[in-house]
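The values are calculated or read from the model by the stated rules, or taken from the named source; none is laboratory data. Just so it is clear, the model here is predicted, and its values are computed rather than measured. A quick note on method: Cβ atoms are made from the backbone with ideal geometry, for glycine too, and the neighbour counts reach across all protein chains shown. The protein model used for the area step is the full one, side chains on, heavy atoms only, and it has no ligands, DNA or RNA in it. Shrake-Rupley method; radii C 1.70, N 1.55, O 1.52, S 1.80 Å.
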Amino acid sequence: MAMTLEEAPWLGWLLVKALMRFAFMVANNLVAIPSYICYVIILQPLRVLDSKRFWYIEGIMYKWLLGMVASWGWYAGYTVMEWGEDIKAVSKDEAVMLVNHQATGDVCTLMMCLQDKGLVVAQMMWLMDHIFKYTNFGIVSLVHGDFFIRQGRSYRDQQLLLLKKHLENNYRSRDRKWIVLFPEGGFLRKRRETSQAFAKKNNLPFLTHVTLPRSGATKIILNALVAQQENGSPAGGDAKELDSNSKGLQWIIDATIAYPKAEPIDIQTWILGYRKPTVTHVHYRIFPIKDVPLETDDLNNWLYQRFIEKEDLLSHFYETGAFPPSKGHKEAVSREMSLSNMWIFLIQSFAFLSGYMWYNIIQYFYHCLF
């Protein structure tokens with residue numbers, strides 16, 4: 001369709017704005033990520049002397065970095081409306097968050113809506129596709145202790161063993177509390193056809209808004225982190241890291257992300273901001289870990305049921321524009337998530353000032369040496 005004269009100025013401004021946003025994002029990354037790495041290096045003696053304090057400081061810097069990513073969408077008008085149970089109530093407990101996966105923007109949405117949940121972001125471990133390891137943020141995630149999982153049947157058993165070892169070595173030793181997991185194992189558009197074929201073959205419900213989840217990673221996490229024994233120690237190999245005050249993994253948080261008209265936001269849109277302001281909706285349900293079965297078949301069925309319920313939630317949302325009310329309530333209550341502009345300004349300023357400081361320090365030592 002040909003562009004009209006009336007549309008030309010608007011499209012021109014959209015292009016200029018996208019280029020300005022991209023330039024700022026590049027500059028933001030060039031100062032924030034190297035500064036984070038420099039701070040982590042300079043704090044290595046503290047890691048030896050007081051590991052818990054080191055990972056606390058690292059977690060705060062990690063939260064700030066994710067806050068910067070969230071701010072790119074915030075200022076483009078990509079906001080979040082939250083529904084269902086209030087997950088702030090369990091923000092200090094250990095929990096696994098199970099999320100449906102539609103596009104790369106899902107991660108950015110979670111980075112935004114979890115910013116106001118206390119130290120959740122600072123003490124969070126992400127399980128994400130291995131391709132993210134090679135992005136600009138990959139080195140930050142590696143330092144923080146996130147786990148990159150390689151998809152595919154031929155890698156599955158090996159990756160689950162690596163995940164188990166990773167949890168044993170990094171979860172409680174770094175004082176992690178939450179794990180974010182996308183059980184579908186890929187984007188909806190890529191897995192829907194395979195999932196529907198599997199459902200038909202195994203007499204399972206036909207899903208269109210989500211796909212049937214895989215249980216391997218969930219089972220590994222539960223076996224490693226749930227406190228099952230009567231004396232309070234965990235069943236997994238991470239027992240030596242569970243202090244006397246910890247209750248182990250306590251909650252499963254079922255998070256359902258919905259986009260208006262089922263049109264997900266991708267990372268390119270989040271960065272360039274060429275899409276009109278959009279409200280993404282996130283629905284939460286909280287399940288006590290004691291109600292989650294650990295045996296493989298029972299866990300599979302439990303996970304299938306959660307995603308069947310996600311299908312119903314999303315169907316209702318796409319038909320009405322809102323999620324249905326929780327059981328025992330007549331109306332569904334939504335909460336508008338908000339970021340503090342002052343807080344964003346302060347962390348961005350800290351990033352650029354840190355970048356300037358580290359540049360001068362490195363330049364000074366370079367001239368001293370050469």
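All of 328, 355 fail the test of being more than 30 Å from residue 198 (Cβ to Cβ) and assigned to a helix (DSSP H, G or I), apart from 355. Remark: pairs (first residue in segment 212-223, among the basic types (Lys, Arg); second residue open to solvent by 30 Å² or more (accessible area, probe 1.4 Å); Cβ separation under 8 Å; 6+ apart in sequence or on different chains) = 219/294; 219/296. Within segment 122-169, the set of residues being open to solvent by less than 50 Å² (accessible area, probe 1.4 Å), in a helix (DSSP H, G or I) and aliphatic (A, V, I, L, M) comprises 140, 143, 160, 163, 167. Looking across segment 192-227, just one residue is of a type in the set (Gly, Ala, Ser), open to solvent by 30 Å² or more (accessible area, probe 1.4 Å) and over 30 Å from residue 169 (Cα atoms), and that is 197.
Pick from segment 86-103 the residues that are surrounded by 21 or more Cβ atoms within 10 Å (Cβ to Cβ) and β-branched (Val, Ile, Thr): which of them is farthest from residue 341 (Cα to Cα)? The qualifying residue farthest from residue 341 (Cα to Cα) is 96. Across segment 157-201, the qualifying residues are those that are among the aromatic types (Phe, Trp, Tyr) and touching a strand residue (DSSP E or B) at 6+ places or on another chain (Cβ under 8 Å), and the one among them that is nearest to residue 99 (Cα to Cα) is 182.
Taking the stated definitions as given, is residue 63 under 30 Å from residue 287 (Cβ atoms) and part of a loop (DSSP other than H, G, I, E, B)? Taking the combined requirement at face value, the residue does not satisfy it. If the condition is being open to solvent by 70 Å² or more (accessible area, probe 1.4 Å) and aromatic (Phe, Trp, Tyr), then segment 327-351 contributes 345, 350. Selection within segment 228-271: residues that are touching a Leu at 6+ places or on another chain (Cβ under 7 Å), in a loop (DSSP other than H, G, I, E, B) and crowded, with 17+ Cβ neighbours inside 10 Å. The member of this set that is modelled with the lowest pLDDT is 236. Summed over segment 272-296, the residues that are out of contact with any strand residue (DSSP E or B) (no Cβ under 9 Å at 6 or more places or on another chain) and either open to solvent by less than 50 Å² (accessible area, probe 1.4 Å) or among the aliphatic types (A, V, I, L, M) (or both) give a count of 3. Could you go through segment 170-191 and let me know if any residue there is in a helix (DSSP H, G or I), open to solvent by 80 Å² or more (accessible area, probe 1.4 Å) and at pLDDT 90 or above. For segment 170-191, residues in a helix (DSSP H, G or I), open to solvent by 80 Å² or more (accessible area, probe 1.4 Å) and at pLDDT 90 or above: absent.
Among residues of segment 10-30 that are under 17 Å from residue 135 (Cα atoms), those with a Cβ under 6 angstrom from a residue that is open to solvent by 40 Å² or more (accessible area, probe 1.4 Å) and not hydrophobic (A, V, I, L, M, F, W, C), sequence gap 6+ or separate chain, pair up as 29/136.
Residue count for segment 79-95 satisfying the condition of being part of a strand (DSSP E or B) and free of Cβ contacts under 8 Å to residues at least 60 places away in the same chain: 0.
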